[in-house]
Amino acid sequence: MTSTDPNDPIADALLGDSTYERLRVERYALIERRIPQKLVYQSGLLFALALVVPIVATYPSTVQAAFPGGDPLWSSPLVLWVGVYAGGIEVGTATCLVAVAIARRRYEPTLSESQVHTLLNVEDVASMFGLATGGFAILITIGFFLLGHAGVETVTTVVESAPRNPYGRTGVPIPVIVVGAAAAISSGVVYAVGRYLARA
């Protein structure tokens, strides 16, 4: 039986031929959006991470001098690694969501309920890690970098109160500008894939 009411997507899912859609609306999920929408949100988080480049590039000269080498764009501060991990989480979970969407579209007519539940579980876990865990880590990263615009006194206070200098040099030289560029490119790719899946 197939619903013919386009204004009632829940009834359409419950009465339609898609086992995936029926089980999706029957189960509780903290993040209930469809995969294309989740990918668009993740692209927004990656774009937010890319904003560390203009944030750092517009630091006052006194704050720039406080960074290793005096050039924060090409520095690799400890706090940047929170952003690196967050970006990795976003890209990894977005890849999982895309894989779920592809598997669903390719095999849906023959998927059993247990297989659909597995896909939905993967989607839920990827959504939570990507939008909650990764999103929180990106906000922390941006927050620490925004402190530089509060002045060198604020940066000095943060450095002195922290157990380890969050703006200090790390052993792996991945500069801010590289992380920002990678985040911007990833944002564009994830957004494009999300829009493609929405139209497909």
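Numbers at a glance
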| item | result |
| --- | --- |
| Residues (among the hydroxyl-bearing types (Ser, Thr, Tyr) and under 17 Å from the mean Cα position of the chain (by Cα)) located in the range 79-128 | TYR85, THR93, THR95, SER127 |
| Residue selected from the range 108-119 under the condition in contact (Cβ under 8 Å) with a residue 24 or more places away in the chain, assigned to a helix (DSSP H, G or I) and open to solvent by less than 80 Å² (accessible area, probe 1.4 Å), by the criterion farthest from VAL25 (Cα to Cα) | GLU108 |
| Residue among SER112, SER43, SER61, SER75 that alone is among the small types (Gly, Ala, Ser) and modelled with pLDDT of 95 or more | SER43 |
| Only one of ARG169, ARG195 that is among the basic types (Lys, Arg) and within 27 Å of THR62 (Cβ to Cβ) | ARG169 |
| Filtered residues of the range 125-141 (kept if closer than 17 Å to CYS96 by Cβ, of a type in the set (S, T, N, Q) and buried (at least 21 other Cβ atoms within 10 Å of the Cβ)) | SER127 |
| Pairs with Cβ under 8 Å, 6+ apart, first in the range 184-200 and within 13 Å of ALA94 (Cβ to Cβ), second open to solvent by 80 Å² or more (accessible area, probe 1.4 Å) | SER187/PHE47 |
| Options VAL176, VAL190, VAL122, VAL100; residue that is touching a helix residue (DSSP H, G or I) at 6+ places or on another chain (Cβ under 6 Å), more than 26 Å from LEU80 (Cβ to Cβ) and open to solvent by less than 30 Å² (accessible area, probe 1.4 Å) | VAL100 |
| Condition check for ARG105: assigned to a helix (DSSP H, G or I), open to solvent by 30 Å² or more (accessible area, probe 1.4 Å) and at pLDDT below 95 | yes |
| Single unsatisfied condition, PRO166 versus (1) assigned to a helix (DSSP H, G or I); (2) open to solvent by less than 40 Å² (accessible area, probe 1.4 Å) | (1) |
| Residues within the range 29-85 that are open to solvent by less than 50 Å² (accessible area, probe 1.4 Å) and basic (Lys, Arg), tallied | 1 |
| Close pairs (8 angstrom Cβ cut-off, 6 or more residues apart or separate chains): in contact (Cβ under 8 Å) with a residue 12 or more places away in the chain in the range 59-80, hydroxyl-bearing (Ser, Thr, Tyr) and part of a helix (DSSP H, G or I) anywhere | ALA66/THR156; VAL79/THR141; LEU80/THR141 |
| ALA94 being open to solvent by less than 10 Å² (accessible area, probe 1.4 Å), within 21 Å of SER187 (Cα to Cα), out of contact with any Lys or Arg (no Cβ under 7 Å at 6 or more places or on another chain) and assigned to a helix (DSSP H, G or I) | yes |
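The values are calculated or read from the model by the stated rules, or taken from the named source; none is laboratory data. Just so it is clear, the structure is predicted and the values come from calculations on it, not from any experiment. Counting neighbours? That spans all protein chains shown, and the Cβs are built from the backbone with ideal geometry, glycine included. For the accessible areas, the whole protein counts, side chains as well, though only heavy atoms, and no ligand, DNA or RNA atoms are used. Shrake-Rupley method; radii C 1.70, N 1.55, O 1.52, S 1.80 Å.
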